[in-house]
1. Out of region 163-182, which residues are out of contact with any Lys or Arg (no Cβ under 6 Å at 6 or more places or on another chain), surrounded by fewer than 18 Cβ atoms within 10 Å (Cβ to Cβ) and closer than 17 Å to residue 212 by Cα?
2. Quick check on my filter: what residues within region 215-228 are of a type outside the set (Val, Ile, Thr) and open to solvent by 60 Å² or more (accessible area, probe 1.4 Å)?
3. Within region 133-223, considering only helices (runs of 4 or more DSSP H) that don't extend past its boundaries, which have at least 1 residues that are touching a Phe, Trp or Tyr at 6+ places or on another chain (Cβ under 7 Å)?
4. Can you pull out the residues in region 269-292 that are of a type in the set (Ser, Thr, Tyr) and in contact with a helix residue (DSSP H, G or I) (Cβ under 8 Å, 6 or more places away or on another chain)?
5. Kindly provide the set of residues from region 113-155 that are over 20 Å from residue 186 (Cβ atoms), hydrophobic (A, V, I, L, M, F, W, C) and either surrounded by 19 or more Cβ atoms within 10 Å (Cβ to Cβ) or in contact (Cβ under 8 Å) with a residue 60 or more places away in the chain (or both), ordered by number.
6. Go through region 234-353 and tell me which strands (runs of 3 or more DSSP E), entirely inside it, have 2 or more residues that are in contact with a strand residue (DSSP E or B) (Cβ under 8 Å, 6 or more places away or on another chain) and open to solvent by less than 60 Å² (accessible area, probe 1.4 Å).
7. Considering region 190-213 alone, what residues qualify as being closer than 25 Å to residue 136 by Cβ, in contact (Cβ under 8 Å) with a residue 40 or more places away in the chain and open to solvent by 50 Å² or more (accessible area, probe 1.4 Å)?
8. Restricting attention to region 96-116, does a residue exist that is of a type in the set (Ser, Thr, Tyr) and within 29 Å of the chain's Cα centre (by Cα)?
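The values are calculated or read from the model by the stated rules, or taken from the named source; none is laboratory data. From a predicted model like this one, the values you see are computed outputs, not experimental measurements. Virtual Cβ from ideal backbone geometry, glycine too; neighbours counted across all protein chains shown. For accessibility, only protein heavy atoms count, side chains too; no ligands or nucleic acids. Shrake-Rupley method; radii C 1.70, N 1.55, O 1.52, S 1.80 Å.
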Amino acid sequence: MNILMKLRKTIMFIVKFMIIAAMALGFMNIWYRFYGDFLYSWGSNFVVAFSYLLILVLFSELYGAFKIGVNRLHEVTYSLCLAAVFTNVIMYLELCLIARQLIDLLPYVWGFIYQIAIAVIGTTCANTIYFRLYPARRMIAVFADDEEGTAIIRKVSKIPDRFNIERGVSVNRKSVEEIKEIIDGFEAVLLCDIEKEKKSELLRYCYAKSKRTYVLPSSADVIIRNSDQIQIFDTPIMMCRNRGLRLEQELIKRAVDIFVSVVGIVITSPIMLVVALAIKLYDKGPVFFKQNRVTKDGKIFNVLKFRSMIVDADKDGAKKAENDDDRITPVGKIIRPFRIDELPQFFNILFGDMSLVGPRPERVENVYEYTQKYPDFNLRHRVKGGLTGYAQIYGKYNTTPEDKLKMDLIYIEQYSIFLDFKLILMTIKILFMKESTEGFDAKANAHLKAPDRKEETEK
């Protein structure tokens, strides 16, 4: 068993390689059996096989299909199937070019069904192997606020195979020295948003004791994370440029926005016409929903969306959409999960109010409310609001404003044209993931389970 533990990474690499190889062999089998007439030479066959393998690996990496044990099993399986879809489409077009005609699609479909089976079986086996090699560590959560501690423990506990939180302790009820003694009995530590000095001391202690440590970053941590290290004689210094997007980046980003928005409007115009007609026929109310939102430098603009709720849904005051919200119309229940209600925002992008990728523009009232609670919230307005973005890809509709802020800052600090294209492709992935559109659960918010505080009553 000790030998296996030392070879864990090698074993997982071999498992992942076998899954990808099996899917590629499935494609090559279809290629040889049904498209043999289009083969020219052994060299061309090798090029086709290598191309398929390379593209499949790239899309698998992009969509997180290799994050076995990190992402949930259904997400890994879905990511691998999605990678196969894009790879097969690209290779089908390549084969058509080689054959100089549209080739029969049916064998391709059977090959894809085989690949789905390989993806399901392969990821399930790989997931099982991973958690045999990497059992969940016994973990303690250290927090300041009881409500925050409850929320993060509940969230992390949804992945019991990876995180095994056995205890929660508040820095407001235990001294740092007492917490250190408690930490000694655990294999890993989760440090939530606690006082900076206490977090630093506990982090140093965990480092000295070789304890795996998970840290909830602050806004400042996100900014520093992307700083450059420079050396002034014998003194290391972290340099934060804090310059936002460069001029050439803004020009390229705007050019991409114009091109994609025009293409998007043309391609989706039939869908938009059908949706507009359906909304009008349902209750004869307005087709579009307009709302003031905040974008770059605090500028306010009217965002366009297809109306997915009843007329005057906010007549009793603004209210966030919840699960099974009775204000959502039958048409809205269809268009909201697939983000079809967002399509009119291509016009916002074309007019320059928004960008294709960026922090999601919030309502004016929300910005005021969030800024009062999180003073750093306005930092996300250093770039234009976007149709999609980092927080939309990796978060959910009901992700907290603080977590959205941190993800938006990650996007701003790590910005590149390549990152924009990556997030655009990732958007396709989340369109069919129910979790990304999950509403606020009023019942869950009202009945929070308190963290284990048995040690705090022993004082």
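1. 180, 181, 182
2. Start the filter on region 215-228 by keeping residues that are of a type outside the set (Val, Ile, Thr), which leaves 216-221, 225-228.
Scanning region 215-228 gives 221, 225.
3. On the way: elements: 146-156, 176-183, 196-208.
Helices (runs of 4 or more DSSP H) meeting the threshold: 146-156, 176-183.
4. Just the residues of region 269-292 that are of a type in the set (Ser, Thr, Tyr), to begin with: 269, 282.
The answer is 282, and nothing else.
5. Scanning region 113-155 gives 118, 119, 125, 126, 129, 133, 151.
6. Details: elements: 235-239, 288-294, 300-306.
The qualifying strands (runs of 3 or more DSSP E) are 288-294, 300-306.
7. Passing the criteria: 193, 212.
8. First pass over region 96-116, keeping only residues of a type in the set (Ser, Thr, Tyr): 108, 114.
Then drop every residue that is not within 29 Å of the chain's Cα centre (by Cα), which leaves 114.
Scanning region 96-116, I find at least one residue that is of a type in the set (Ser, Thr, Tyr) and within 29 Å of the chain's Cα centre (by Cα), so the answer is yes.
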